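Please treat every number below as a calculation from the coordinates, not as lab data. Just so we're clear, the structure is a prediction, and the values are computed from it rather than from any experiment. FYI the Cβ positions are ideal-geometry reconstructions off the backbone, even for glycines, and counts take in every protein chain you see.
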Amino acid sequence: MPYQTPANETERLGAVRALNLLDTAPEIAYDDIGELAAQICQCPVAYVSLMDDDRLWLKAKYGLPANFNQCPREIAFCATTVCGTEMVVAPDLLMDSRFNQIPFVTGEPHFKFYCGIPLVTEAGYALGTLCVMDFVPRQLAFEQTESLRRLSRQVLTQLELRRKLIEFDQALKELDHAHVDLVAEKARTEELLINILPVSIADELKKSGKVQPKYEPSATILFADFKGFTLLAERMEPAALIGLLDQYFTAFDEIVTRHGLEKLKTIGDAYMAVAGVPTANRRHPIETCLAALEIHAVTARMKAQREKMRLPALELRVGIHTGPVISGVVGRRKFTFDIWGDAVNTAALMEENGAPGRINVSETVAGHVKTLFELEPRGAIETKHGRRLEMFFLNRLKPEHSRDADGRMPNEKFVAECSRLLSGFPG
């Protein structure tokens, strides 16, 4: 049988589906309303329905078989009711042309009376109906129809409450998702911050929003840069050049991290790291020298590999000095952890006055490590301020303190000698 549809059918169906109520279990609130409607109107049958696109589904029913939960929309009395906003009353269904061909009228159970109220939301969508029915023709009193209207408003209140609960639940889910995203973003930010700054500095920055400059009475600074880099840069493709630097600096990063140094920055082909900052420790001159030997070995190995493939190779100069520095963070949008002081300038001089493939250390560094490492005196340089700076090549660990032929890997005697030295070593 053909049936009418409301003008806003698409939107109406959307509102019905948004309730997530179709095909749900019975609920006492709706059951009570259906039973009360039957009692007030003195009708044997009552139900609360939702109109789907092709069926009438009963959320609550009174006086109908337990297995009767829906019927096709084309034979539903309520297909007419949801097309309007007013109560639909058919005192005698056999005499009403709108309904007298419906199988429930012409056959079992032979309904004779129908009264339905559309459940219309504030937005104007008829979601379903509240209905009473009888097997004999009849009329409802004014008080009964008014009571039925009040009950329909109670059904709408229940539906609106459900809609708001769904919205609230969705808002909570979105809030949970936002919280998860926020936690993930916070973790990414913290990870990025830790990649940029030392952990203790990052923690201080997160807690107070700034980092107080700190005087460090003793730190060891390592400078390194490549001989002939400028000439090589003119002959290599930029991408290949950057890839080559990345290969070197990635290896350096792993080495300095393992030895407890803090990488400060790279500028072009220059690499700078510091030990003893921001966390003070007594081993910083020793660990820096061990790191420098590893860096030297890695660079020499990569140089040999490139020469074997007839590729341009690089040689590294390394300079090391120990002295007091001031550490801190500069910048607001892009944070940079750095150190300042004469000791930094002296370390740079050690590198500038070094030799390709060699590690050049100051007299201060030599004084801290001379019992552990082989040092080669080089003489002195004079600074622009008239100071004389003695220099030494750091060649290797002393044979008695090394467990490898190249003198890079400390043995047990090295560890014991370190403990002896550090017991009276000023920080």
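Ordering VAL45, GLY14, PHE135 by Cα displacement along the dipole of the chain toward the positive end leaves GLY14 in first place; charges were set at the Cβ atoms of Lys, Arg (+1) and Asp, Glu (-1).
Taking 0.36 nm per residue of separation and subtracting the current Cα-Cα distance, fully stretching the chain between ASP32 and ARG149 would add 40.6 nm. Residues considered: MET391, MET272, MET133. Largest GNM mean-square fluctuation over the chain, using C-alpha springs under 10 Å, is found at MET133. The listed peptides 109-115, 159-165, 39-45, ordered by packing as a protection proxy, come out as 109-115, 39-45, 159-165 (highest mean of other Cβ atoms within 10 Å first).
Taking 7 Å steps out from each Cα toward its Cβ at ARG98 and ALA239 produces label points 7.5 nm apart. The trypsin sites (Lys or Arg not before Pro) of the stretch 294-387 that meet both conditions, a loop assignment by DSSP and at most 16 other Cβ atoms within 10 Å of the site Cβ, are ARG310, ARG332, ARG333, LYS334, LYS370, LYS384, ARG387.
Note on ASN395/GLN247: beta-carbon distance plugged into 1/(1 + (r/R0)^6) with R0 of 35 Å gives a FRET efficiency of 0.85.
Taking a Cβ cut-off of under 9 Å around PRO324, the surrounding Lys, Arg, Asp and Glu residues balance to a net charge of -2, with basic ones at +1 and acidic ones at -1.
Counting Lys +1, Arg +1, Asp -1, Glu -1, what net charge surrounds GLU160 among other residues with beta carbon under 13 Å of its beta carbon?
+2
Membrane-span-like helices in the chain, defined here as complete DSSP H runs extending at least 24 Å along the helix axis by their C-alpha atoms with mean Kyte-Doolittle hydropathy no lower than 0.0, are 238-258; this is a sequence and geometry rule, not a statement about a membrane. Once you have a ≥ b ≥ c as the square roots of the Cα gyration tensor eigenvalues for the stretch 83-182, tell me rounded if a/c is under 1.5, and otherwise prolate or oblate according to whether a/b is larger than b/c. The shape class here is prolate. Note on HIS321, HIS401: ascending count of other Cβ atoms within 10 Å places them as HIS401, HIS321, the fewest first.
Would you mind calculating the relative contact order of the stretch 213-422 from Cα pairs under 8 angstrom and at least 6 residues apart, reporting the percent as a whole number? Value for the stretch 213-422: 21 percent. Taking other residues whose beta carbon is less than 14 angstrom from the beta carbon of GLY341, and scoring Lys, Arg as +1 and Asp, Glu as -1, yields -2. Say a paramagnetic label sat at a point 7 Å from the Cα of ALA66, along Cα to Cβ; which residues of the stretch 26-55 have their backbone N under 20 Å from it? Once the point is set 7 Å along Cα→Cβ of ALA66, 26-32, 34-35, 45-48 turn out to lie under 20 Å by backbone N, inside the stretch 26-55. At a Förster distance of 25 Å, what's the computed FRET efficiency of SER419 paired with ALA304, Cβ-Cβ distance as r, to 0.05? That pair, SER419 with ALA304, gives E of 0.10.
Classify the chain as rounded, prolate or oblate, taking a ≥ b ≥ c as the square roots of the eigenvalues of its Cα gyration tensor: rounded when a/c is under 1.5, otherwise prolate if a/b is larger than b/c and oblate if not. Since a/c reaches 1.5 and a/b is larger than b/c, the shape of the chain is classed as prolate.
What ranking do 10-23, 342-355 get when scored by the average of other Cβ atoms within 10 Å per residue, highest first?
My ranking of the peptides, most packed first, is 342-355, 10-23.
Which of rounded, prolate, oblate describes the stretch 1-119, given a ≥ b ≥ c as roots of the alpha-carbon gyration tensor eigenvalues and a/c under 1.5 marking rounded, otherwise prolate only if a/b is larger than b/c? Since a/c reaches 1.5 but b/c is at least a/b, the shape of the stretch 1-119 is classed as oblate.
Counting neighbouring Cβ atoms within 10 Å and putting the fewest first, the residues MET409, MET51 line up as MET409, MET51. Extending 7 Å from the Cα toward the beta-carbon at both GLU160 and PHE135 defines two label points whose distance is 3.8 nm. Between LYS384 and THR336, the modelled labels are 2.0 nm apart [label points 7 Å from Cα along Cα→Cβ]. Pairs with C-alpha atoms separated by more than 30 Å, drawn from the list LYS227/LYS370; LYS214/LYS413; LYS59/LYS112, are LYS214/LYS413.
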